[in-house]
Amino acid sequence: MATFPEFRFQKHAEQKQANNANLRQTLALAKLEIENFSLLECTEKNCERVLKRVKVAKGTVTMLKNGGYTRDMAKSRGVSIEKLLNDDQKINSLSIDPSKQTLDEKIQIQYWNMNNPQHQIESISNTGPRFVRKFSDDEVLDEVNLNNAMRDLVSFLPHRLGGPGKAIRSIAKHFHKILKRVDKKKTTIENNNNAERFNSSRSFDGKLKDEHGNFKGYVISMKYQKPTSGGSQDRQKDDVHNTISMCADYIRTNPTEKQIVFYLIMDGGGLGPTFLNELKRHVNQENVANRIFVRTNS
């Protein structure tokens, strides 16, 4: 069985070959249109429009323009494309690299499923469920009802009760102070919620299911970290900690929901044992180690 870095390298190579094949296909379609231009129509700008229309990747169109390829297309009325199609090295350099985050997430989930038959991950779209922090109507209503009941009780007590009356009024006073400090926000899991960014998380990447296909929880597959340091990596690590905090908030503010678990899958040379242990300590500090699991394919 290949290691995860080996598997990832293989999948990236396969995707690069697919991108090369797609570039050849779209350039061939562009050639058919450009060679039908009249002399006046065959301008560099019109060649660029054709490339975009046949869905040549945006980055590739920019490279073709900057490298003078679109100028050659216009001058030769598409004949130069034939030479380009037969040049493997140039096609490879002009096709887009498979470096998007979504590809790594797909590879992480695929490798996980190959090695964990008892806990399978089903991918979900980027518009799927996510954490949303909002005020809980039920909790606010319960608070209001309890506060009103306490006020009514105090109002019925004549002052001449002395000690007992003072004790109850004191309880009401301290209860009111406690309510002021209570966080009335609740973390929920919702689809297509337009909550502000600071009140919501990124979408979950997958659903966790057992070997029988039963739903167990959600998976957050974090962006693959290369073995380098920098500001973007630090922000990514902060995002992981924030996700753990939101998982913990969900568990605390939904005490009747005791079945859903959360798996955070970390991979890459930039996420060494030290950071993974740091995340596990965070989970333990939140006292939710039975519901949140930090895992790695590596």
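The values are calculated or read from the model by the stated rules, or taken from the named source; none is laboratory data. Remember, predicted model here, so these are calculated numbers, not experimental data. Virtual Cβ from ideal backbone geometry, glycine too; neighbours counted across all protein chains shown.
Here Pro98 fulfils each of the conditions (1) at pLDDT 95 or above; (2) touching a Lys or Arg at 6+ places or on another chain (Cβ under 7 Å) apart from (1).
Of the residues making up the stretch 245-252, one or more are in the same structural domain as Asp205 (by TED's automatic domain parsing), of a type in the set (Gly, Ala, Ser) and modelled with pLDDT of 85 or more. Just to be sure, is Leu264 closer than 26 Å to Asp210 by Cα, without any contact (Cβ under 8 Å) to a residue 40 or more places away in the chain and surrounded by 17 or more Cβ atoms within 10 Å (Cβ to Cβ)? For Leu264, the condition - closer than 26 Å to Asp210 by Cα, without any contact (Cβ under 8 Å) to a residue 40 or more places away in the chain and surrounded by 17 or more Cβ atoms within 10 Å (Cβ to Cβ) - is not met. If you go through the stretch 191-211 and keep only what is out of contact with any helix residue (DSSP H, G or I) (no Cβ under 7 Å at 6 or more places or on another chain) and either of a type in the set (Gly, Ala, Ser) or modelled with pLDDT of 85 or more (or both), you end up with Ala195, Ser200, Ser203, Phe204, Lys207, Leu208, Lys209, Asp210, Glu211. Screening the stretch 42-73 for residues that are more than 38 Å from the chain's Cα centre (by Cα) and either of a type in the set (A, V, I, L, M, F, W, C) or under 24 Å from Ser99 (Cβ atoms) (or both) and picking the one that is surrounded by the most Cβ atoms within 10 Å (Cβ to Cβ) gives Met73.
Per-residue answers, yes or no, for (1) under 25 Å from Gln17 (Cα atoms); (2) surrounded by fewer than 17 Cβ atoms within 10 Å (Cβ to Cβ); (3) not hydroxyl-bearing (Ser, Thr, Tyr):
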site	(1), (2), (3)
Leu32	yes, yes, yes
Leu40	no, yes, yes
Lys75	no, yes, yes
Ser99	yes, yes, no
Gln110	yes, yes, yes
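Take Ala13 and tell me if it is assigned by TED's automatic domain parsing to the domain that holds Gln89, of a type in the set (Gly, Ala, Ser) and without any contact (Cβ under 8 Å) to a residue 24 or more places away in the chain. Yes; evaluated as a whole, the condition is true for this residue. In the stretch 110-132, the residue that is farthest from the chain's Cα centre (by Cα) out of those that are modelled with pLDDT of 90 or more and among the aliphatic types (A, V, I, L, M) is Met114. Looking across the stretch 281-293 at every residue that is exposed (fewer than 15 other Cβ atoms within 10 Å of the Cβ) and not polar (S, T, N, Q), the one that is nearest to Tyr218 (Cα to Cα) is identified as Ala289.
To keep it simple, each residue is scored yes or no on (1) under 14 Å from the mean Cα position of the chain (by Cα); (2) modelled with pLDDT of 75 or more; (3) of a type outside the set (A, V, I, L, M, F, W, C).
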{"position": "Gly213", "(1), (2), (3)": "no, yes, yes"}
{"position": "Lys226", "(1), (2), (3)": "no, no, yes"}
{"position": "Lys237", "(1), (2), (3)": "yes, yes, yes"}
{"position": "Met266", "(1), (2), (3)": "yes, yes, no"}
